[in-house]
C-alpha cells in the first residue's frame with residue numbers, strides 16, 4: 001500500500017526538484033501580545049535510497065533526527081518573542097491532536113504543490129486561505145496556547161550503491177535522483193485553524209543525522225518566522 | 001535477421017520470466033504446514049524449500065534491531081498505527097473487539113501480546129498484518145465467515161505473515177531485485193539495447209509478485225497448522241475459499257484475473273491445497289467449528305455489515321452472499337430484509353415485487369429492525385398500494401418514535417401520499 005504513496009511522492013518530488021524550487025513563504029507578523037506557541041511533535045522520517053531507487057525508511061536515523069531537530073527548533077524559537085510550550089508526544093497524544101497532525105500533512109502537501117508561487121498553483125484558489133479548520137481550537141484549550149507550530153519533514157540519503165549508479169548513469173547522459181530533503185512548517189492560529197505562516201524547503205542538500213545539520217535545517221525551515 | 005544476438009537475449013529473459021512461475025506451490029503449502037506445527041522452531045531443510053532470505057521466525061516480544069531495515073518498517077507502521085487507532089472507520093464495539101482479541105490469543109499463544117487488532121468498517125473480504133503486529137480486520141470478512149474456525153483460519157494466516165516476517169522478506173526481495181534491475185538497465189543502456197532493460201523490468205515485476213504469492217502460500221499452510229493447534233477443524237479454512245469462489249462465479253462477465261501480476265494465488269488453488277492439507281490431519285472432524293459462539297458475537301452488528309455491503313452496488317455477488325447466509329440459517333428475517341433492500345435500491349424491472357416478497361418473508365421470520373416497516377411502506381407506495389403503505393409507515397413510527405426522519409414519514413401519512 002505505502003509503496004504506491006511513496007512512488008507518487010517520489011514523482012511529485014522529482015517534478016518539484018527538476019523545477020529548481022526555492023523556499024516559499026506565507027508571511028505573518030504578530031498581531032498582539034498573544035504569542036503562546038505550542039510546538040507539535042515533529043513529523044520526521046529519514047530513509048536510505050537504494051541503488052534501484054527505493055527509499056527504505058531508517059529507524060535509527062529517524063530517532064536521532066527527531067531529537068536533534070526538536071532541540072534545534074526549540075533553540076531557534078527561543079530567539080523570537082514567542083512563548084513556547086511543548087505538546088505531548090507518542091502515545092500520550094490526545095486523538096484530536098493526532099488527527100490534526102495527519103491533516104497538517106495533507107494541507108502542507110497541498111500548499112507545497114498547489115500553493116502560491118508553485119508552477120501548479122490553482123487558478124481558482126484566490127482567497128489565499130489554507131486552514132486546518134475549527135477543530136484546531138482543541139489545542140488552544142488543551143495547551144493554553146494561541147498558536148501551534150507543525151513541522152513535517154521527509155529526508156532521503158543516497159546509499160553508496162546509489163551514488164555509483166548516479167555516476168554511471170551520468171556517463172550516458174541520464175540523470176538519476178539522489179537524496180532529497182523535503183519539508184514544511186506551518187504556524188496555525190488556534191482560534192480559526194488558519195495557517196498564518198508557512199515555509200517549505202525542497203532541496204538536494206541538508207543533513208538531519210547530525211546536530212549541526214539539524215540546526216542548519218531548522219534555521220532554513222524557519223526563515224521568515226515572525227521575530 | 002539483423003540483430004540475432006538481440007533477439008536471443010530477449011528470448012533468454014523471456015525464459016527467466018517463465019521460470020519464476022514454476023516453483024512447486026504444493027510443496028510450499030505442505031512445508032509451511034510442517035513448520036507451523038512448531039512455530040518459532042527453525043527447520044533446516046524447510047528453509048531450502050521455501051525462499052526466505054534465511055530469515056528466522058520472530059521470537060515472542062522481539063523487536064528488530066534499530067539499525068536494520070526491518071526496524072524502519074516497524075517505525076512506519078508504529079506511526080500509521082497511531083492514526084489507525086483514531087480512525088473514524090474503526091469499529092469500537094468492546095464486546096466484538098474482546099471476542100476477536102481472545103481468538104487471536106488462543107492461536108498466537110505466547111505471542112499473544114505482540115498483536116493489536118483493528119476492526120475496520122470496510123465491506124470487503126480482507127484482512128492484513130503489518131510487520132509490527134498491527135492486524136486489520138475488515139467487517140466484510142466478519143460478514144462472510146460462518147464460524148469461529150473460519151475466523152481463526154484467517155487469523156492464523158495473518159499471524160503466520162508476522163512470525164515469518166514476510167514484510168521484511170519482501171523488502172529484502174524488492175531491494176535485491178530493483179538493485180539488480182538498475183544494474184541491468186544501465187548495462188543495456190551502455191550496450192545500446194534499451195529493450196533488454198524493459199524486458200528485465202517486466203521480469204522483475206513478475207518475480208516480485210511471484211515471491212508475494214509464495215508468501216501467501218506459506219501463510220496459508222502455516223496458519224492451518226496454528227488453527228489445528230488451537231483446536232479448530234481445518235476443513236473450514238478450505239470452506240472459506242469455496243464461499244469466495246461462489247460469490248465470484250455469481251458475477252457475470254467477471255474479467256479473468258492476471259496470473260502474472262497477482263499478489264495472491266488463485267482462490268481455486270488455495271481451496272484445493274487447504275482441502276488436501278486438512279485431509280492429512282488426524283481426527284479433524286472431532287475439532288471445533290464454533291458456529292454458535294461466532295454468530296452470537298457478530299449478531300448485534302451484522303445488520304450494519306449488510307447495510308455497508310449494499311453500498312458496494314455489486315448486486316450479483318451480494319445476492320450470492322445472501323443466499324449463502326440464508327443457507328447458514330442465522331437470523332434469516334434480517335437477511336430477507338436486506339435482500340429486500342437490495343431490490344428496492346436497485347429498482348430494476350420487477351424489483352418492486354421481489355422486494356415486497358422479501359419483506360414479507362422477513363416479517364414472517366420475525367426479528368427484524370423497525371426500519372423494515374419504512375422500507376416496506378416506501379415500496380408499497382411505489383407499487384401503488386397507498387393504504388398498505390400508510391399502515392406500514394404508522395407501524396414504523398410506533399416502533400421508532402424518535403426516528404430522525406419522523407417528520408418526513410408523518411408528512412407522507414398525512415398528505416395521503
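Here are some notes:
- Dividing the convex hull volume of the alpha-carbon atoms in the stretch B:292-414 by its residue count gives 111 Å³ per residue.
- Using alpha carbons only: equivalent-ellipsoid semi-axes of the stretch A:109-190, gyration tensor based, whole Å: 39, 19, 6
- Between residue A:86 and residue A:34, the simple spin-label model (points 7 angstrom out along Cα→Cβ) gives 2.6 nm.
- The alpha carbon radius of gyration of the stretch A:2-221, expressed as a multiple of 2.2 N^0.38 Å, is 1.05.
- With the convex hull drawn around the C-alpha atoms of the protein assembly as shown, the volume per residue stands at 212 Å³.
- Computed FRET value (nearest 0.05) for residue B:113 with residue B:191, which takes r as the C-beta separation and R₀ as 45 Å: 0.25
- Looking at the stretch B:2-286 alone, DSSP beta bridges between its own residues are antiparallel in about 45 percent of cases.
- Mean separation of Cα contacts under 8 Å, 6 or more apart, over the residue count of the stretch B:199-356: relative contact order %: 24 percent
- The simple Förster model, with R0 at 45 Å and r as the Cβ-Cβ distance, assigns residue A:102 and residue B:349 a FRET efficiency of 0.45.
- Percentage, to the nearest whole number, of Cα pairs in the stretch B:311-351 over 17 Å apart: 27 percent
- Look at the stretch B:61-71: the mean tally of other chain Cβ atoms within 10 Å of its residues' Cβ atoms is 3.
- Shape summary of the stretch A:65-153, radius of gyration then Dmax from alpha carbon positions: 15.0, 41 Å.
- Within chain B, helix-based [θ] at 222 nm, where runs of 4 or more DSSP H residues each add -39,500 (n - 2.57), nearest 500: -21500 deg cm²/dmol
- Relative contact order for the stretch B:275-357, counting Cα pairs under 8 Å that sit 6 or more residues apart, in percent: 20 percent
- Listed residues B:303, B:366, B:384, most fluctuating in chain B (Gaussian network, C-alpha, under 10 Å): B:384
- Here each label is just a point 7 Å from Cα along the line to Cβ, and for residue B:324 and residue A:75 those points are 6.1 nm apart.
- Here the sum of -39500 (n - 2.57) over DSSP H runs of 4 or more residues, divided by the residues of chain A, equals -12500 deg cm²/dmol at 222 nm, to the nearest 500.
- Shown is the FRET efficiency for residue A:114 and residue B:105, computed with R0 = 60 Å from the Cβ-Cβ distance and rounded to the nearest 0.05: 0.80.
- For the stretch A:183-217 versus the stretch B:165-203, the inter-centroid distance based on Cα atoms is 36 Å.
- Kirkwood hydrodynamic radius over Cα pairs of the stretch B:142-296, then Stokes diffusion coefficient at 25 °C and 0.890 mPa s, in µm²/s: 139 µm²/s
- The mean number of partner chain beta-carbon atoms within 10 angstrom of a residue's beta-carbon across peptide B:177-185 is 5.
- Among B:25, B:317, B:279, the largest mean-square fluctuation in a Gaussian network model of chain B (Cα springs under 10 Å) belongs to B:279.
- Largest GNM mean-square fluctuation among B:260, B:33, B:115, using chain B with Cα springs under 10 Å: B:260.
- Rg to Rh quotient for the stretch B:2-286, alpha carbon positions, Kirkwood Rh: 1.00
- Between residue B:87 and residue B:293, the simple label model (points 7 Å from Cα in the Cβ direction) yields a spacing of 2.7 nm.
- Across peptide A:46-55, the average count of Cβ atoms from other chains found within 10 Å of a residue's Cβ is 5.
- The mean sequence separation of alpha-carbon pairs under 8 Å and at least six residues apart, normalised by the residue count of chain B, gives a relative contact order of 15 percent.
None of the figures in this text is laboratory data; all of them are computed from the coordinates on show. Keep in mind that what you see is a predicted model, and the values were worked out from it rather than measured. Reconstructed Cβ throughout: ideal geometry from the backbone, glycine too, with neighbour counts over all protein chains shown.
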